[in-house]
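Every number here is computed from the coordinates shown, using simple stated rules; none is lab data. Just so you know, these numbers come straight off a predicted model, no measurement behind them. Cβ placement follows ideal geometry from the backbone for every residue including glycine, while neighbour counts extend to all protein chains displayed.
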Amino acid sequence: MKFLIIFSDEFHGFFKSKVMFVLWIGLPMITILMHFFQPDMAEFPFSILVSIVLSAIGGTIASAMIGTSLTSEINQKVYDLFLIRPVKRITLLFAKFCAVYLCLVIAVLISLILGLLIDYCTMGGLSNTFMRTLFESLATSLAAIAISCSIGLLFGVTVSSVPVTAILSVYVGNQLSALSILPALLVDIINPLALAAIIGIIIPTILIIISSIIFIRKDF
Amino acid sequence: MVSQAYNIENFMMRYEESLEENNFQDLKFHNVTKSYKNLVALKNVSLSVRRGDIFGYIGPNGAGKTTTLKIIVGLIKDYSGEYLINNAVVSDTKSDLSKLIGYHPQDVGFQSWRTVNSALYTFGRLSGISKSELEERILFTLQFVGLQDFREIKIKYLSGGMIQKLRLAQALLNFPKLLILDEPLSGLDPTSRFQIKSLIKALAQKEITILFSSHILNDVEDIANKIGIINQGNIMKIGTPSQLQEDFQLGNIIEMIYTEDSHKCLELDVIKEVEKIENYSNTMQLIHLRADVNADEVSHTILKKIIQQKCRIRSYRFVKPSLEKVYLHYLNGEVK
């Protein structure tokens, strides 16, 4: 119940502060621009290219967004009035994580649907192999964004300077989000979809738990 | 407009209607110590606040007031010593604590996108107030603090005083039994200060307990029935205002105002119990009595002299040392 209140509050905040519009319009715009300025990639499907690029951009945005907003809100003592109420600190963090993640996932999905439409029009149809590759690519992107979000969360609660949080989140978040792709590239027998799901759940869960422990011990 | 917005009677009636059983009895600190790295913010602080008390907490900047209040509301958890509410150690009773307490922080931020209404709505929902009841409570509380016309305005556009009122509104929203106010009167206009002081007194009459910190000693003197003085993390003194003044043995002062034609007609220097006389003006004297003498007896002697010498005086009264004087003496370590 408390989770839903904070989650919807965060989501409402993204709407009110125009973050949502920037993401939901900005990322699809990148897709359109990519269509016009894409390099010659022979038969490589456009939507898969979109998925790969967006996972990198989305991951960077996610980690920076969650990290900087957490650090600045902690510095501004925004959470004091939340934490004097019967709200668990882990609920506060998890709700923020989910709100940022959902906001980005929707932006990525909008962009991907746009990419699919472009592919459908240019290729004259979508094969099963294409769709499977696309799902694998999408799962990897979502896992990468989840990892980036949780890294942003960790820096958000540990670092007290907003610029430092932003730099660390962008650098480390972006680099570590590649963890969702690496094993599949190194080991052929692993199903990339399953692997992305596992990595996309395990790493963020561990990072959220570590962030929560730090946040719980923090004095306000 | 102002009187309508600040109707204490209406507010108190509504407060009483919504108040569940007041289960707060007392709050105690036993040797609470809190350090931030190398800085000791509180050193073995022991204090107790009972139901219905208006506890004024005073001390210079960085004395440890806000740290104490933050421990009480649960924002600081890492401390040593014991903190009890109703004789139960607080670390085990987090959820009950938040139902009991309303907290007005000294400085707190709000997200830049928030409106007054959205802040109160979220805090109200998190405090467990139902949606149907919350709407009416928000309106009612905003009317009381005088922010009803700013309900849909973003908080970032409000003035400092208005934000201060919003902090108070969120603290009152769940009709707490223990109200913790960190500098509630700073930055407010005189009308609002008067209103909040009246509210504090009215709440205490209904056995709502108030613990507030302030730098404005006149306000503390006006409303507190118990005062704690803290300096460098140490509690210097806790007591009622009169206890503080008496314990300090500053001695009594008699203020005497003469009529224009008979100023200083008394020769009081001959009375050995009079320590010194300050001539404030041609018509006004402050007669400082020695701390160890019986003030009533000396006063009787002085009054007899007034009659004997046919002095015409306009007023004659005992002046107790102000809280400011007591406070400064405690801080300067001149306590006997």
Which listed pairs, of B:LYS70/B:LYS197; A:LYS16/B:LYS131; A:LYS218/B:LYS154; B:LYS43/B:LYS99; A:LYS77/B:LYS154, have C-alpha distances above 27 Å, in listed order: A:LYS218/B:LYS154; B:LYS43/B:LYS99
Amide proton proximity set for B:ILE153, modelled H, under 5 Å, gap of 5+: B:VAL116, B:ASN117
Average partner coverage of B:121-130, which counts Cβ from other chains inside 10 Å: 5
Cut-off under 5 Å, modelled amide H: who pairs with B:LYS237 long-range: B:ILE229
Note, ³J(HN,Hα) from phi for the stretch A:207-220, Karplus 6.51, -1.76, 1.60, rounded to Hz, x at Gly and Pro: 5, 5, 5, 4, 4, 5, 4, 5, 5, 5, 7, 6, 8, 10
Range of Cα positions in the protein assembly as shown per principal axis (Å), largest first: 120, 50, 44
Charge context of A:LEU112, other residues only, Cβ under 14 angstrom, K/R +1, D/E -1: -2
Derived scalar couplings ³J(HN,Hα) [the stretch B:225-234; Karplus, 6.51 cos²θ - 1.76 cosθ + 1.60; whole Hz; x for Gly, Pro]: 9, 8, 10, x, 10, 10, 8, 6, x, 10
Partner chain coverage, peptide B:167-174 - average Cβ within 10 angstrom: 1
Dipole moment magnitude, nearest 20 debye, the stretch B:116-266 about Cα centre, only Lys, Arg, Asp, Glu C-beta charged: 760 debye
Hypothetical label at A:VAL164: residues of the stretch A:200-220 whose amide nitrogen lies under 18 Å (7 Å Cα-Cβ projection): A:211, A:214-215, A:218-220
Estimated inter-spin distance, B:PHE318 and B:ARG151, nm [label 7 Å along Cα→Cβ]: 5.3 nm
Integer Hz, Karplus 6.51/-1.76/1.60 couplings in order for the stretch B:131-139, x for Gly and Pro: 4, 5, 7, 4, 3, 6, 5, 4, 4
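Once you compute Rg and the Kirkwood Rh from C-alpha atoms, what is the Rg to Rh ratio for the stretch A:1-133? Before the final figure, lay out the partial values.
Working: Rg = 18.4 Å, Rh = 16.6 Å.
Here Rg/Rh amounts to 1.10.
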B:GLN243/A:MET1 FRET efficiency (R0 51 Å; Cβ-Cβ; nearest 0.05): 0.60
Tail beyond 14 Å, pair distance distribution of the stretch A:117-172 (Cα, percent): 66 percent
Interchain or long-range residues, amide H under 5 Å from B:ALA41's placed H: B:LYS34, B:SER35, B:TYR36
All-pairs Cα distance distribution in the stretch B:154-311, expressed in whole percent, bin size 10 Å: 9, 27, 21, 20, 16, 7, 1, 0
Separation between Cα centres of the stretch B:181-195 and the stretch A:45-75, rounded to whole Å: 44 Å
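To the nearest 500 deg cm²/dmol, what mean residue ellipticity at 222 nm is calculated for chain B from DSSP H runs of n ≥ 4 alone, each contributing -39,500 (n - 2.57), summed and divided by the residues?
The per-residue figure over chain B is -11000 deg cm²/dmol.
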The stretch B:272-336: GluC sites (Glu not before Pro) falling in loop per DSSP and having at most 12 other Cβ within 10 Å: B:GLU334
Where N is the number of residues in chain B, Cα Rg divided by 2.2 N^0.38 Å: 1.20
Average other protein chain Cβ within 10 Å of Cβ, residues B:107-115: 6
Distance between modelled label sites at A:SER8 and B:ASN44, nm, 7 Å Cα→Cβ extension: 5.2 nm
Pairwise FRET efficiency - B:SER80 versus B:VAL293, Cβ, R0 = 45 Å, nearest 0.05: 0.45
10 Å binning of all Cα-Cα separations within the stretch A:65-215, expressed as whole percents from 0 upward: 11, 35, 29, 17, 7, 1
B:ASN22 versus A:MET29: modelled label distance in nm, points set 7 Å from Cα along the beta carbon direction: 5.9 nm
Restricting the stretch B:17-74 to trypsin sites (Lys or Arg not before Pro) in coil, as DSSP defines it, with at most 12 other Cβ within 10 Å: B:LYS37
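Take the alpha-carbon positions of the stretch B:264-320, form their convex hull, and give its projected area averaged over all directions (one quarter of the hull surface) in nm².
The number I arrive at for the stretch B:264-320 is 3.9 nm².
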Segment A:LYS18-A:SER127, extension gain: residue separation times 0.36 nm, minus the distance between their alpha carbons: 35.5 nm
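Provide the percentage of antiparallel DSSP beta bridges, counting only those with both residues in chain B; round to the nearest 5. Working shown, then result.
Values: 37 of 54 bridges.
Of all bridge pairs located within chain B, approximately 70 percent are antiparallel.
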Partnerless cysteines, meaning none of the other Cys C-beta atoms lie under 4.7 Å away, in the protein assembly as shown: A:CYS98, A:CYS103, A:CYS121, A:CYS149
Student exercise, the protein assembly as shown dipole from Lys, Arg, Asp, Glu Cβ charges, in Debye to nearest 20: 420 debye
Largest-first principal axis extents, alpha carbons of the stretch B:79-223, Å: 43, 38, 30
Cα centroid separation - the stretch B:292-319 against the stretch A:141-179, whole Å: 78 Å
